[in-house]
Amino acid sequence: MNFKDYIKWDRMPTTWCPGCAIGTVFKQTAFALAELRLSPEEMTVVSGIGCSGRAAGYFNVDSVHSTHGRALPVAEGIKRANPRLKVVVFSGDGDLVGIGGNHLLHAARRDVDLAVICINNATYGMTGGQMAPTTPAGAKTLTSPHGSAYAPINIQGIVTSNRRHWFARASTFHIVHLQKAIREAVEWPGFAFIEVMGFCIENCGRRLGFLSGHEMLIKLKTDFKLKAGPEGPLGEFELGVVKNDGQIS
Amino acid sequence: MAKPGKTIDAHILWTPDYCKHCSTCITICPVKNLEFRDDEMTSLGKCTQCLLCTKYCPDFAIEVEPKEK
């Protein structure tokens, strides 16, 4: 299979802004699916609301563009009804962690066999750049013009608090790690969550002083480093995979 | 199927219908091979076929087909 078989070419170009991080994640997902040789009949893409929710319509597979925050329950229903399907959830941080935070808690607790790709741009991008639960402390947004007063939510802590877990953090600059993580997440028999550190240039980056999308891409390169050394929880600016197959160590 | 692209070098295909002029490929290119001239992507003939532009382009607009050695 070629990655071009997973994309609806008549709907290109996408509606995303120039240089948007979602386009890179979308492309890497198509590459990863092509490497796994999954046929379009045996997989489903579910997305929530937001800019990243548009991706469900661009994949040339059966897909659902669900309501705000409810991507995980819809995906869980699909998986329970037809366990043969590989279900990929493609959504953003405002949808999965903000509005649908409760569903994330319980889908991770029940260990549903899903691969969740969460694009974390640290803001509510589509609605104009309001402060999200993932906004770093001190970051200026539309609703926090003097800087966010609160610490961001710890997604790694939520997912890895269950004994059996699979969590990865990737960034849109480190694409080899991102593609490997997507492949591993789709193959993992349980709840697999990838937090992809992305950016929003139009509604978040311009308030922070960035002029173009590729400046933010280079910022990801300087900020984030791949975790070296023994396995264990990832630090705030580390990329890697944390997993446990349920064995008591 | 995908819209036809323009050949801007022996093995570089650029699709103007998909390109949003975000300049990610220009920034990411390690040999500074790509450049915009009058909104047209131009190759300066230094391509080493590392495929980074193909992998980073968010809009499927640039494609490098490696030549067989």
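The values are calculated or read from the model by the stated rules, or taken from the named source; none is laboratory data. Just so it is clear, the model here is predicted, and its values are computed rather than measured. With ideal geometry, Cβ positions are generated from the backbone for all residues, glycine too; neighbour counts draw on all protein chains shown. Heads up: the accessible areas ignore ligands, DNA and RNA and are worked out on the full protein's heavy atoms, side chains in. Shrake-Rupley method; radii C 1.70, N 1.55, O 1.52, S 1.80 Å.
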Region A:17-50 - residue that is in a loop (DSSP other than H, G, I, E, B) and within 12 Å of another protein chain (Cβ to nearest Cβ) and, of those, surrounded by the most Cβ atoms within 10 Å (Cβ to Cβ): A:CYS20
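Name the single residue that is nearest to the other protein chains (Cβ to nearest Cβ) among those in region B:44-69 being open to solvent by less than 30 Å² (accessible area, probe 1.4 Å) and not in a loop (DSSP other than H, G, I, E, B). Walk me through it before giving the result.
Filtering region B:44-69 for residues open to solvent by less than 30 Å² (accessible area, probe 1.4 Å) gives B:53-54, B:56-62, B:64.
Going one step further and asking which of them are not in a loop (DSSP other than H, G, I, E, B), we end up with B:53-54, B:56, B:62, B:64.
Numbers: B:CYS53: 12, B:THR54: 9, B:TYR56: 6, B:ILE62: 12, B:VAL64: 14 Å.
My answer is B:TYR56.
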Subset tally (residues that are of a type in the set (Ser, Thr, Tyr) and at the interface with another protein chain (Cβ under 8 Å from one of its Cβ atoms)) for region B:1-43: 4
Meets criteria (in a helix (DSSP H, G or I), farther than 18 Å from A:VAL116 by Cβ, in contact with a Lys or Arg (Cβ under 8 Å, 6 or more places away or on another chain) and within 14 Å of another protein chain (Cβ to nearest Cβ)) for A:LYS4: no
Tally of residues being crowded, with 24+ Cβ neighbours inside 10 Å and either at pLDDT below 90 or of a type in the set (Val, Ile, Thr) (or both) across region A:101-117: 2
Test: residue in region A:171-187 that is part of a strand (DSSP E or B) and over 22 Å from A:ASN102 (Cβ atoms): yes
Of all residues in region A:163-205 being within 14 Å of another protein chain (Cβ to nearest Cβ) and open to solvent by 40 Å² or more (accessible area, probe 1.4 Å), the one that is modelled with the lowest pLDDT: A:GLU202
Where A:PRO233 falls short, out of the listed (1) in a loop (DSSP other than H, G, I, E, B); (2) within 17 Å of the chain's Cα centre (by Cα): (2)
Region A:7-16: number of residues that are surrounded by fewer than 15 Cβ atoms within 10 Å (Cβ to Cβ) and within 8 Å of chain B (Cβ to nearest Cβ): 1
Residue list for region A:118-152, filter: in contact with a helix residue (DSSP H, G or I) (Cβ under 7 Å, 6 or more places away or on another chain) and open to solvent by 70 Å² or more (accessible area, probe 1.4 Å): A:LYS140
